[in-house]
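Comments concern the structure below.
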Amino acid sequence: MTKILVTGGLGFIGSHICVSLLEKNYNVIVIDSLINSDEDNLLSIKKICKFSNNFSNHITFFKGDIKDKELLINIFESSIEDNNPIDAVIHLAGLKSVKESVEQPLEYWETNVFGTMILLEAMKKYNCKKIVFSSSATIYKPIIDELITENSALGPISPYGSTKLAVENMLGDLIKSKPNEWRITNLRYFNPVGAHISGLLGENPKGRPNNLFPILLKVASGEYEKLSIFGNDWPTHDGTCIRDYIHVMDLAEAHISALDLILKSSPFFLNLNIGTGKGKSVLEVVETFKKVNRCEFKYAFNSRREGDSPYVVADNRLALSKLDWKPKRNIDDMCRDAWNWKFKSKK
Ligand code: WQD
């Protein structure tokens with residue numbers, strides 16, 4: 001069985017990717033420090049896969065940090081001893097709060113960039129030279145009213161985005177040094193939201209959330225009194241910011257298609273925007289959430305949030321052409337599945 005190492009595999013996006021991998025009969029190894037995830041997700045992954053196939057036990061979890069060189073060596077060595085070496089890596093482990101990165105830039109550079117360097121050195125040592133990297137739309141320079149292509153101007157405005165771009169540059173230097181060895185795909189996420197349809201997995205960041213959907217769930221469930229909408233004076237049709245929200249399962253399936261591509265292709269380096277190509281404003285998300293889930297809650301317009309831009313929507317045509325993939329779920333599904341998870345998980 002093809003064996004895949006998923007770093008950060010128990011996180012919000014990583015756990016959904018593990019479900020998709022197991023359902024495609026991959027053998028999965030997870031390393032996760034649990035800094036922003038919960039080991040309960042491992043049980044949920046197994047429970048979901050038990051329903052759909054009997055490969056739920058083809059997942060092994062190592063608690064730890066990708067900066068731990070000894071642990072990485074142990075993981076790669078043990079796979080070789082089992083005569084089933086790691087064929088490729090899906091690399092998600094990293095810190096991902098834009099706000100926190102402004103307050104603690106060195107932690108972000110150490111974990112996201114130095115940690116990736118340690119991982120790549122281990123991969124090189126064990127001749128594992130296929131990687132799908134979890135990159136981000138935050139590496140782009142903010143633009144207004146235009147879809148973002150992979151060739152749009154780069155210009156991160158947060159340390160988080162700068163670390164994602166730094167890793168892409170590191171990967172670029174690596175493949176330039178060994179063009180006939182590495183197969184690298186950078187998936188530039190737009191706004192991943194929603195939850196697995198079973199309600200057993202979802203987005204549950206530790207501490208106070210910063211992103212819209214986790215906050216929306218807390219407002220709709222009554223944990224928070226109201227939603228603050230950051231600005232209604234933006235240059236958009238209703239004055240609120242527009243984003244390209246993509247269902248986390250569509251994002252997970254994009255990783256499987258990208259993995260299939262690197263496993264069967266000759267060496268290459270590819271950047272892909274993973275979004276739906278459609279934008280929704282904050283107000284449109286709020287109204288859809290209320291309609292789909294037949295719930296009511298309060299919101300108030302506040303001042304703009306530092307670092308926000310009015311319009312971040314993907315031109316996803318390259319991903320549609322390169323991958324055997326297209327987003328299948330819409331904003332109604334995202335709102336419904338997120339709410340279903342919130343109710344079932346009581347988190
Ligand atoms: C979405 C919109 C806010 C909270 C995030 C991640 C980033 C990247 C992309 C992966 C914005 C508005 C939010 C609230 C609000 N992900 N909002 N009230 O900023 O687009 O970026 O996704 O790399 O890491 O930070 O997403 O969910 O924070 O905000 O009005 O209480 O919702 O202004 O317009 P964002 P978000």
Candidates Val313, Val292, Val282, Val286 - the one that is farther than 20 Å from His237 by Cβ and among the β-branched types (Val, Ile, Thr): Val292
Meets criteria (out of contact with any strand residue (DSSP E or B) (no Cβ under 8 Å at 6 or more places or on another chain), small (Gly, Ala, Ser) and surrounded by fewer than 22 Cβ atoms within 10 Å (Cβ to Cβ)) for Ser78: yes
Starting from residues that are under 14 Å from Ile131 (Cα atoms), of a type outside the set (Asp, Glu) and touching a residue at least 60 places away in the same chain (Cβ under 8 Å), keep the ones in segment 163-177 and report whichever is surrounded by the most Cβ atoms within 10 Å (Cβ to Cβ). Leu171
Do we have any residue at all in segment 103-112 that's open to solvent by less than 70 Å² (accessible area, probe 1.4 Å) and among the aliphatic types (A, V, I, L, M)? no
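Results for (1) open to solvent by 10 Å² or more (accessible area, probe 1.4 Å); (2) within 22 Å of Lys344 (Cα to Cα); (3) of a type in the set (S, T, N, Q), shown as yes or no for each residue.
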site: Val6; (1), (2), (3): no, no, no
site: Ile17; (1), (2), (3): no, yes, no
site: Asp40; (1), (2), (3): yes, yes, no
site: Phe61; (1), (2), (3): yes, no, no
Tell me the helices (runs of 4 or more DSSP H) entirely within segment 268-347 that contain at least 3 residues that are over 30 Å from Asp173 (Cα atoms). 282-293, 331-345
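Answer yes if at least one residue in segment 38-61 is over 24 Å from Met170 (Cβ atoms), part of a helix (DSSP H, G or I), touching a Leu at 6+ places or on another chain (Cβ under 8 Å) and without any contact (Cβ under 8 Å) to a residue 40 or more places away in the chain, and no otherwise. Can you show your working first?
To start, the set of residues in segment 38-61 that are over 24 Å from Met170 (Cβ atoms) comprises 38-61.
Keeping just the survivors that are part of a helix (DSSP H, G or I) gives 40-52.
Applying the additional criterion that residues be touching a Leu at 6+ places or on another chain (Cβ under 8 Å) yields 41-42, 44-45, 47-49.
Remaining after also requiring without any contact (Cβ under 8 Å) to a residue 40 or more places away in the chain: 42, 49.
Within segment 38-61, one or more residues are over 24 Å from Met170 (Cβ atoms), part of a helix (DSSP H, G or I), touching a Leu at 6+ places or on another chain (Cβ under 8 Å) and without any contact (Cβ under 8 Å) to a residue 40 or more places away in the chain.
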Does segment 159-189 hold any residues that are out of contact with any strand residue (DSSP E or B) (no Cβ under 9 Å at 6 or more places or on another chain) and within 16 Å of the ligand (Cβ to nearest atom), and which are they? Pro159, Ser162, Thr163, Ala166
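Consider Ile86 carefully, then state whether it is within 17 Å of Ile4 (Cβ to Cβ), under 24 Å from the mean Cα position of the chain (by Cα), open to solvent by less than 10 Å² (accessible area, probe 1.4 Å) and modelled with pLDDT of 95 or more.
In short, no.
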Under 7 Å by Cβ, and 6 or more places apart or on different chains, what pairs join a residue from segment 195-213 that is over 23 Å from Lys47 (Cβ atoms) with one that is surrounded by fewer than 18 Cβ atoms within 10 Å (Cβ to Cβ)? Pro209/Ile215; Asn210/Lys99
Take the residues of segment 213-233 that are among the hydroxyl-bearing types (Ser, Thr, Tyr) and more than 8 Å from the ligand (Cβ to nearest atom): which is surrounded by the fewest Cβ atoms within 10 Å (Cβ to Cβ)? Ser221
Taking segment 190-212 on its own, how many of its residues are within 16 Å of the ligand (Cβ to nearest atom) and surrounded by 22 or more Cβ atoms within 10 Å (Cβ to Cβ)? 8
Check off (1) outside any helix (DSSP H, G or I); (2) farther than 18 Å from Val30 by Cβ; (3) within 16 Å of the ligand (Cβ to nearest atom); (4) not hydroxyl-bearing (Ser, Thr, Tyr) for Ala93 and give me the number that stays unchecked. (2)
Can you tell me which residues in segment 236-260 are within 13 Å of the ligand (Cβ to nearest atom) and closer than 25 Å to Glu306 by Cα? Thr236, Asp238, Gly239, Thr240, Cys241, Ile242, Arg243, Asp244, Tyr245, Ile246
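The values are calculated or read from the model by the stated rules, or taken from the named source; none is laboratory data. Computed from a predicted structure; not experimentally measured. Cβ coordinates were reconstructed from backbone atoms using ideal geometry, including for glycine residues, and neighbour counts include every protein chain displayed. Quick note on the areas: whole protein, heavy atoms, side chains included, nothing else; ligands and nucleic acids left out. Shrake-Rupley method; radii C 1.70, N 1.55, O 1.52, S 1.80 Å.
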